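Computed from the coordinates by the stated procedures, all read-outs in this text should not be read as laboratory data. Nothing here was measured: the structure is a model prediction, and the numbers come from that model. Ideal geometry is used to build each Cβ from the backbone, glycine not excepted, and the neighbour counts take in all protein chains shown.
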Amino acid sequence: MRPALRSALEHAAELTRKNCLVDAFALGEAVINQATEEEHAEIRQWLADHAHDFTGEDPLP
């Protein structure tokens with residue numbers, strides 16, 4: 001995944017934790033729209049691996 005897309009996903013997670021859900025969703029949608037087919041799988045995996053970034057909860061041990 002391109003660094004700019006990863007950075008945008010990280011920012012979307014930050015916005016979600018700040019309850020700026022509309023902005024977070026718009027940013028996430030933009031990432032998906034800009035991603036290549038190959039990056040879509042990487043994005044799905046990143047989201048699964050970083051779900052705790054969006055909730056602010058500690059990941060399971």
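If the chain between Gln45 and Ala4 were fully stretched, how many nm would it gain, using 0.36 nm times the residue separation less the Cα-Cα distance? If you can, show how the numbers build up before the last one.
On the way: separation 41, 0.36 × 41 = 14.76 nm, distance 1.66 nm.
Here the answer is 13.1 nm.
Suppose every Lys and Arg Cβ carries +1 and every Asp and Glu Cβ carries -1, with no other charges. What dipole size does the chain come out with about its Cα centre, to the nearest 20 debye?
140 debye
Where the Cα atoms of the chain are projected onto their three principal axes, how long is each span, largest first, in whole Å?
Cα extents, longest axis first: 30, 29, 14 Å.
Could you grab the relative contact order for the chain? Cα pairs under 8 Å, six or more apart, rounded to a whole percent.
Over the chain, the number comes to 41 percent.
What order do you get for 24-37, 4-17, 45-58 when each peptide is scored by the mean count of other beta carbon atoms within 10 Å, highest first?
On the way: 24-37: 13.9, 4-17: 16.6, 45-58: 12.4.
The densest-packed peptide leads the list: 4-17, 24-37, 45-58.
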